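FYI, it's all coordinate maths here, none of it is from the lab. Owing to the predicted nature of the structure, the values given are computational and were not obtained by experimental measurement. We place every Cβ from the backbone using ideal geometry, glycine too, and count neighbours over all the protein chains shown.
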């Protein structure tokens, strides 16, 4: 940002046509008229290059701090599938039936994932191989997200240029390059769909706005292909297919209907829809699912508008046309409503999914679908995380909106709508901050760029004025312009100083933003979460590598066809790193199966044993933070297991695990809590361990209490492995008693 | 170098070494017999001789012999164990309760004979095997209606029972005592009951409905805890690993005296020359030592119809063939097992296919079926549990995948109108464009 801000200041004499007096080049002024343009281009390109590199390197903290590794949960699945794709080719990948997950149901991988990310990484990998770079696919996967983040900055530049001017574009590129809201999902190693999807999202929007601005079929088709890439990469494409119709609708309502819009929307929608149907996971949803019906409705509405235009042209009589309009609109609406009603009633059009509902009604998931509500990234956003992820952009955003409204055009209307809707969604779900980030950056960039430009104009105008007064040489045209301006400004004597002060203030804010972003990236968003780090008693860094320890134990010490039961969070990691079959994983497609696992975890040992036998479970894996104080362990997630289990099997009741509505694990805990499988597996032999000096044995550091059941006997399971910091504990399910 | 030489010279010996381990012989020959008193060796010689004549190598030891042990260097020294030591409180050497249970859990057979005043140790072994002896140590099974008539008017503790389990596999196909009527088995000892939570234990010889278990010398003050046919006199257990256990409440029923004695059941006019004990216990010991009723399944094969190789994955609606060979141990060799009730399941949480296997009477079982139209990880499962036979429990995992993208029909006849519509639309549009552009 600092670079871009300084660049904007430096370039302003060239950008602002009037301020052409650069005292060092006075003599060459006329000869170098073309040269200034080139100079500006050079500056712009070099700033963009710097921003491009900056966006990439700021995301490498995690590689430097830890190692080149895949982060979190979902990326492990993406990595595993990419590996499969590079090893077996595209058709095998497309038809892959994975028997290692969701035992015994299995999962059709090719039909239940968005292949865009894997195909992208594989293409990059093959390309590098073709160029004789001997890279490992893991390195490609680790660096895919930073690479696409860099590409996003370029798109942001062009988008900013399209809606405002190239200055705003440069600022937008610089802002988005380091915005924490985006970095949170695109650091090196965070190999997730969002990494490429934000690029695709912004690219599609840019191409669509370009198409609307130009009315060109080619841009519209390009945006359809951008949409196709987005559909192939992330389920968030639903946002596009709803925002664009909404935008078109707003343009129609505000009387901004034009042939450009007609061409852009229709070709983008039709071609984009046909292309999107090629993705197996999406299939016929564009014509059959409630979430996509808005786009179709607007498509038909466009045709009605076109016809009305034509009729108006034929009739030439305003009164007659008014009557005709009334009839047509009523009929069209009636037909649309009836078609939608019939489609929904007959089951042809599927109703909205739970995720979609929970976006519109944030309390919906909590009441109806615990599995959606349980996901941490689906929680409503806290104010602090807005501040954390946007910093000054949060204040610049309304300012940018003001500028947009001042200069309303088709393009600014689009960015305003994108900004407002995505801000709403960001408030509903914490992970959708990601979708709002590009809009916030663009709108803020408009504010920054417009303000700075105005301020420099003022500052330089005074400057020029003074310079001209002191009798130096001037181009006659510009001098007259400057003097007229100066005469205008002379009424406000402190304006120049004020402008300089404000410029300094803006510079201060932007540099604060840069430091904040770097700090957030390095402290909060560069942790792989598979390796945990903490500060030791003497300030040294302590690494807990328990997850990988456990998964490699599984890989090396269990039979190849062993089935591992764990809560779904760890499913992807177990299959990718442990190479063992899991019962449930992070692809939460089958609620009943997850509920069965939840039920097993919250039942008494003998009941759980029956369930585990029926699922052929050989090992049970639990994550336990009582020794290290790691708080996102299974005991803290346990109530969700109870809720999800109880949602399908009413025999599990949440109040059985609570005491007066309070969740506790100490002596006062509910008896069922103290004897359920999860409690037993987490705290088995924990009562013998002293975790902290001066505390009784069995003191749980994650919850800060002494546990209530220290004498845990396991009858149907036996401890197989516990990692060095007790974070992962693996138990073997015993075979049935030989003599009983 | 010298190591290499040794290795090279050993290579030709390898086949010999491996063949010496390979023959799968379920009826092991080495049996340890633990006795209270070596006099039992002669007083029960008929039973022991019948074992020895069948090739068993009996090793008689006193129960408190300090040198006895079941295994050495991780290898079991014996294939079977006979505990004729009802009063032993603790064994000598390294044998204890856990050692005996481990012995069984690693697939070896056990015969326990208790008696009145059975020690706690013997009771615990029995309890761990799923039977509970009467808690009163002095109790005997008394039956005032089906006792054995004897010369002296006794206390009716010598019981003549003929309530056998109906199984040719366990008791042999030859009816006990070839004469017209079945000779009852003499029993004198402590009764036991089966633990209802144990599904593996079976009554082989049960008491009559009029029997009860109590101390014959004292007056009956309380109702007896064990009564009627709930009392088991002789029980067997076949553990999940097919180890077999025989539990008898009477040691004397194995004795020569009982084997030889003539028997007349009270109320019955016939007097048998010889009790049924010898045949009953000999046949039962054949079962316990796996000379009968031991099955093995091998060569589980499955493949697509018309192919020979076993695939790693099936597709839905594939036709497949499944075969397995089942043999029964006859005591000396593996004979084909012939039955018409062997079933295979194609199982994923519940059986999707359940089919009887047809047999060629030479041990091979076969069936063919179509994979259901459901994908997932299936198992070929055979759960064959028949009374007296070892249980066969085979499962083989196989995933079933859906169609690949190129395995569907390319053109569907029903869709021809739509193909027609699409292509006519395209040509129509092309012609319209041409006409529109160039008509003027």
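So here's what we get for this one:
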item: Acute angle (nearest 10 degrees) that the helix A:293-315 long axis makes with the longest principal axis of chain A, alpha-carbon atoms; result: 30
item: Relative intensity, log₁₀ I(q)/I(0), of region A:194-350 from a Debye sum that treats every alpha carbon as a point, q = 0.13 Å⁻¹; result: -0.64
item: Relative contact order [Cα under 8 Å, 6+ residues apart], region B:17-288, whole percent; result: 20
item: Distance histogram in 5 Å bins (all Cα pairs of region B:213-271, percent per bin); result: 4, 12, 12, 16, 22, 18, 10, 5, 2, 0
item: Mean ellipticity per residue at 222 nm, deg cm²/dmol - from DSSP H runs of n ≥ 4 across chain B, formula -39500 (n - 2.57); result: -6000 deg cm²/dmol
item: The protein assembly as shown: mean projected area of Cα convex hull, nm²; result: 72.8
item: Percent of alpha-carbon pairs separated by more than 23 Å within region A:545-733; result: 38
item: Region A:156-264, Cα convex hull volume normalised per residue, Å³; result: 102
item: Sites residue A:346 and residue A:732, calculated FRET efficiency, Cβ-Cβ separation with R0 60 Å, nearest 0.05; result: 0.70
item: Considering only the protein assembly as shown, percent of DSSP beta bridges that pair antiparallel, nearest 5; result: 75
item: Semi-axis lengths, Å, region B:294-405, gyration tensor of Cα atoms, sqrt of 5 times eigenvalues; result: 28, 14, 11
item: Volume of the Cα convex hull of region A:290-344, divided per residue and given in Å³; result: 58
item: Mean projected area in nm² (Cα convex hull; one quarter of hull surface) for region A:85-128; result: 3.1
item: Region B:17-288, Rg to Rh (Cα coordinates; Rh as Kirkwood inverse mean 1/r); result: 0.96
item: Intensity falloff of region B:77-199 expressed as log10 I(q)/I(0), Debye formula with alpha-carbon point scatterers, at q = 0.13, 0.18 Å⁻¹; result: -0.69, -1.15
item: Descending semi-axes in Å of region A:369-439, equivalent ellipsoid built from Cα gyration tensor; result: 27, 14, 7
item: Mean shadow area of region B:203-335, taken as a quarter of the surface of its Cα convex hull (nm²); result: 15.5
item: GNM flexibility winner over chain B from B:269, B:372, B:86 (Cα, springs under 10 Å); result: B:269
item: Whole-angstrom gap from region A:523-557 to region A:668-740, using each part's C-alpha centre; result: 22
item: B:381, A:667 arranged by Cβ crowding within 10 Å, fewest neighbours leading; result: A:667, B:381
item: Kirkwood estimate for region A:675-740, i.e. one over the average of 1/r between Cα atoms, Å; result: 13.0
item: Relative exposure of B:283, A:692, judged by other C-beta atoms within 10 Å (fewest first); result: A:692, B:283
item: GNM result for chain B, Cα springs below 10 Å: residue of B:369, B:254, B:47 fluctuating most strongly; result: B:369
item: Calculated [θ] (222 nm, deg cm²/dmol) that DSSP helices of n ≥ 4 give over chain A, each run adding -39,500 (n - 2.57); result: -20000 deg cm²/dmol
item: Choice from B:421, B:114, B:266 showing the highest fluctuation, given a GNM over chain B with Cα pairs closer than 10 Å; result: B:421
